[in-house]
2 protein chains.
Amino acid sequence: MKRRHYKTESNGAPTLSPRDMLVLRAVVEDYINSAEPVGSRAIVKKHRFSMSPATVRNIMADLEEEGYLTQPHTSAGRIPTGKGFRFYIDSLLKIRLMEPQEKRLIEDAYCNIDMEIGVIMKTTSRVLSRITHYPGIVFMPKFSRIILKHIEFIRLDKGRILVIFISKGGLIQNRVIEWEDDISQDELDRITRHLNGIMENLTLEEIKGRIVKEIEKDSKDYDELYQKAITLSKKAFDVQGEDSIGDTEIYIDGTSNIFDQPEFSNIKKMRDLYQALQEKRLLLELLEKSMFSEGVQVIIGEEVSIGDIKDLSFVLSPYGNPDSILGAIGIVGPIRMDYARVIPLVEYTSRVISNILERI
Amino acid sequence: MKRRHYKTESNGAPTLSPRDMLVLRAVVEDYINSAEPVGSRAIVKKHRFSMSPATVRNIMADLEEEGYLTQPHTSAGRIPTGKGFRFYIDSLLKIRLMEPQEKRLIEDAYCNIDMEIGVIMKTTSRVLSRITHYPGIVFMPKFSRIILKHIEFIRLDKGRILVIFISKGGLIQNRVIEWEDDISQDELDRITRHLNGIMENLTLEEIKGRIVKEIEKDSKDYDELYQKAITLSKKAFDVQGEDSIGDTEIYIDGTSNIFDQPEFSNIKKMRDLYQALQEKRLLLELLEKSMFSEGVQVIIGEEVSIGDIKDLSFVLSPYGNPDSILGAIGIVGPIRMDYARVIPLVEYTSRVISNILERI
DNA sequence: ATTTAGCACTCTCACCAAAAGAGTGCTAAA
DNA sequence: TTTAGCACTCTTTTGGTGAGAGTGCTAAAT
């Protein structure tokens, strides 16, 4: 009621006065630390506010009216709502600086690693979960957007051929394809040389398009080898991404970390979390949200349409270079997590793997 | 006391009379179904025994004295001890036959699969967890015991070479190695051809041994190409198995299934389980135990020296052909699991993947 | 000798009431 | 506009009680 006097924004929603923010921030941070409703008395004491609990109570009542806080029941302290957390994250949060040793920790994880793409992703989800103590999530790049440097065919036996894609950054991916006729390794080698000439520096997507075009052309113009090369590679590219959502693979590690969080002390919530993480649509939505935004993105459970995961929160960051975002990495945790610490960690990790993936 | 009169075995431990077994079995099976201590009255009722609860009580008291049962507190029913379960599994258990449709379910999972080894293992752990509703565990073969069919070197860029191993069964594994000098792809191709000639039909281990021998020989005898081939392949084989226990990789899937079990309704136990599964030593011990025994092996938590996992049980089966066991697969669950159903499922799955891995 | 009925005893669990504690909202004074 | 004071509400803890389940033991029955 008192806040009536304050200027309101164009949309009619009242702005928060500096003092409101101070209190909101105190509530959010105390709640992050304690996981319990925070009361007026506790706040003034802990933060040495120069106002009485009664004043704080008034402010808190206002904040509740505006939807930033709630009470679990009439005479308990307040806890922040989704909106409260959102405001905190967007406007109140002061990112902590990273310790150099934390940076080292992240970098070291990658020092002795080969370039197999799966291994990098697995390592990343592990690193994230280790340093943040929340489960780490990694969305693997759409391989089809990667620039190809080299392709290789190896005859396994009659009817089966191993295809190896090597990206410009040295990432490796392999697939087995079935093939009716028997092709000798020599012939495959010639096809390989042929294709590598054409395809250098294109993304898989572009190559796919080009192949389709070539097939459409009148095929009599070309010799048999070329013919074979085209159909073979069509098959090779078609196999991509059968399972896993839209070409994207997902790595999750460190789920056991979630046991540390008091809000997951009941099994029901744990199940919800696990079930949510299985939901491909949820993950896809998260991926989309985080990939097409710059920098670290915090997504609160309420803001995603799927599943009953209100008290969860995702901290995600895209990776790759600015022109071509490859995927996203991040962590899941309780909504009341230590964003000040986690955000820079996720960001830094994403920078590190972006570099690794890009260095040629 | 009454059992005094019974014949005792050579080691002095009394054998169980047929009636004791009947009761023990009833207790174990009822406990498997209910997860709750089972009392004397309930048993007679449910199993239509032709004796009174009092008699059963006496027998149960004896069984407790011998260590097959315990009471959680003075006036509750009995629950089987580890020893009780062990006896049940070894002597009392009647394996149920598998439904043909269950067999189909397992087979179908593998019908559309390429032969990349990681994919097979991942699929297996998923299949196991799906059909048993317990977390599936897969120990990946020691790659060094696999018979090699083909090796391939591909130049990634100056200083880095991709090595691809293809096993006789069509399994694929790749590694990146660093190399001081620049080697052209042509040269690598020649080396490849050379090596493939020598190495056919040997295991990685054997090849490794052979390479070491070759190096020890006076090296002047050979031309430069051969020289390079040897050192190159030494490097390729040396990289194997840096992380993961003794060349063995572990896949676990479906851990969320464990939430269904009433005994894991408290977080403490869940943590114990997760922590146990992280413990490499535990897993290694399990692997050893199951690999060097024939057929399905049930390992009760008590019987493993590590961690506080008393109420867990593992059902594991080795796979591969009898002459060369490659690894083990199986599941973890609460000690009171439906062995009659799970054991044949694990066994059948292990047979299926053994076949897949072996067909050439 | 073994089995069974009967009964006292023990332990858990669900339920209730009472008390303590925490926090609020409101009113009136500063 | 802020604050002190106070009544009120709601949760949590505590202790106590009774029902229920199950046992162990003893004495009778087979």
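Screening the range A:257-269 for residues that are touching a residue at least 60 places away in the same chain (Cβ under 8 Å) and closer than 15 Å to B:Ile258 by Cβ and picking the one that is farthest from the other protein chains (Cβ to nearest Cβ) gives A:Ile258. Starting from residues that are of a type in the set (S, T, N, Q) and surrounded by fewer than 20 Cβ atoms within 10 Å (Cβ to Cβ), keep the ones in the range B:317-353 and report whichever is modelled with the highest pLDDT. Checking each candidate, the answer is B:Asn321. If only residues of the range A:30-46 that are more than 9 Å from DNA strand C (Cβ to nearest atom), without any contact (Cβ under 8 Å) to a residue 40 or more places away in the chain and touching a helix residue (DSSP H, G or I) at 6+ places or on another chain (Cβ under 8 Å) are counted, the one that is nearest to the other protein chains (Cβ to nearest Cβ) is A:Asp30. Taking the criterion of being buried (at least 22 other Cβ atoms within 10 Å of the Cβ) and in contact with a Lys or Arg (Cβ under 7 Å, 6 or more places away or on another chain), the residues of the range A:56-87 that qualify are A:Ile59, A:Met60, A:Tyr68, A:Leu69. Filtering the range B:206-226 to residues that are modelled with pLDDT of 75 or more and either under 30 Å from B:Arg281 (Cβ atoms) or loosely packed, with under 15 Cβ neighbours inside 10 Å (or both) leaves B:Glu206, B:Ile207, B:Lys208, B:Gly209, B:Val212, B:Lys213.
In the range A:274-284, the residue that is modelled with the highest pLDDT out of those that are over 12 Å from A:Thr248 (Cβ atoms) and not small (Gly, Ala, Ser) is A:Leu282.
Would you call B:Ser75 small (Gly, Ala, Ser), near DNA strand D (Cβ under 10 Å from one of its atoms) and assigned to a loop (DSSP other than H, G, I, E, B)? Break it down stepwise before answering.
Values: small (Gly, Ala, Ser): yes; near DNA strand D (Cβ under 10 Å from one of its atoms): yes; assigned to a loop (DSSP other than H, G, I, E, B): yes.
Here the answer is yes, as B:Ser75 does meet what is asked.
Figure legend. Inter-residue proximity from the range A:51-75: first residues within 14 Å of chain B (Cβ to nearest Cβ), second residues more than 6 Å from DNA strand C (Cβ to nearest atom) and hydrophobic (A, V, I, L, M, F, W, C), beta-carbon distance below 7 Å, spacing 6+ or different chains. No pairs are indicated. Within the range B:270-283, the set of residues being within 18 Å of the chain's Cα centre (by Cα) and facing chain A (nearest Cβ under 10 Å) comprises B:Leu273, B:Tyr274, B:Gln275, B:Leu277, B:Gln278.
When B:Tyr110 is tested against (1) within 15 Å of DNA strand D (Cβ to nearest atom); (2) within 14 Å of another protein chain (Cβ to nearest Cβ); (3) among the hydroxyl-bearing types (Ser, Thr, Tyr), exactly one condition is not met: (1). What do you reckon, is A:Ile356 surrounded by 14 or more Cβ atoms within 10 Å (Cβ to Cβ) and not in a helix (DSSP H, G or I)? Here the answer is no, as A:Ile356 does not meet what is asked.
Among A:Leu16, A:Leu24, which is at pLDDT 95 or above and more than 30 Å from A:Ser354 (Cα to Cα)? Spell out the reasoning first.
Details: A:Leu16 fails: at pLDDT 95 or above.
Exactly one residue qualifies, and that residue is A:Leu24.
Being assigned to a helix (DSSP H, G or I) and either modelled with pLDDT of 80 or more or within 8 Å of another protein chain (Cβ to nearest Cβ) (or both) is the filter here; which residues of the range A:233-256 pass it? Give the steps one after another, and end with the answer.
Going through the range A:233-256, the residues assigned to a helix (DSSP H, G or I) turn out to be A:233-238, A:245-247, A:255-256.
Once the filter is applied, which keeps residues that are assigned to a helix (DSSP H, G or I) and either modelled with pLDDT of 80 or more or within 8 Å of another protein chain (Cβ to nearest Cβ) (or both), the range A:233-256 yields A:Thr255, A:Ser256.
Among the candidates B:Arg41, B:Arg96, B:Arg130, which residue alone is among the basic types (Lys, Arg), surrounded by fewer than 20 Cβ atoms within 10 Å (Cβ to Cβ) and either modelled with pLDDT of 95 or more or outside any helix (DSSP H, G or I) (or both)? After applying the criteria, what remains is B:Arg96. Of all residues in the range A:14-25, those that are without any contact (Cβ under 8 Å) to a residue 24 or more places away in the chain have Cβ atoms under 8 Å from Cβ atoms of residues that are surrounded by fewer than 19 Cβ atoms within 10 Å (Cβ to Cβ), 6 or more apart or on another chain, in A:Thr15/A:Tyr6; A:Thr15/A:Lys7; A:Thr15/A:Thr8; A:Thr15/A:Glu9; A:Ser17/A:Arg3; A:Ser17/A:Tyr6.
Note on the range B:128-140: residues that are within 14 Å of chain A (Cβ to nearest Cβ) and either within 16 Å of B:Tyr319 (Cβ to Cβ) or aromatic (Phe, Trp, Tyr) (or both) amount to 1. If the condition is being away from DNA strand C (no atom under 13 Å from the Cβ) and not in a loop (DSSP other than H, G, I, E, B), then the range B:47-69 contributes B:His47, B:Leu63, B:Glu64, B:Glu65, B:Leu69. Going through the range A:166-187 one residue at a time, which ones are among the aliphatic types (A, V, I, L, M) and either surrounded by fewer than 17 Cβ atoms within 10 Å (Cβ to Cβ) or within 15 Å of B:Gln185 (Cα to Cα) (or both)? Of everything in the range A:166-187, just one residue is among the aliphatic types (A, V, I, L, M) and either surrounded by fewer than 17 Cβ atoms within 10 Å (Cβ to Cβ) or within 15 Å of B:Gln185 (Cα to Cα) (or both), namely A:Ile166.
The values are calculated or read from the model by the stated rules, or taken from the named source; none is laboratory data. No experiment lies behind these values; they were computed from the predicted model shown. Heads up, the Cβs are rebuilt from the backbone with ideal geometry, glycines too, and the neighbour counts pull from every protein chain shown.
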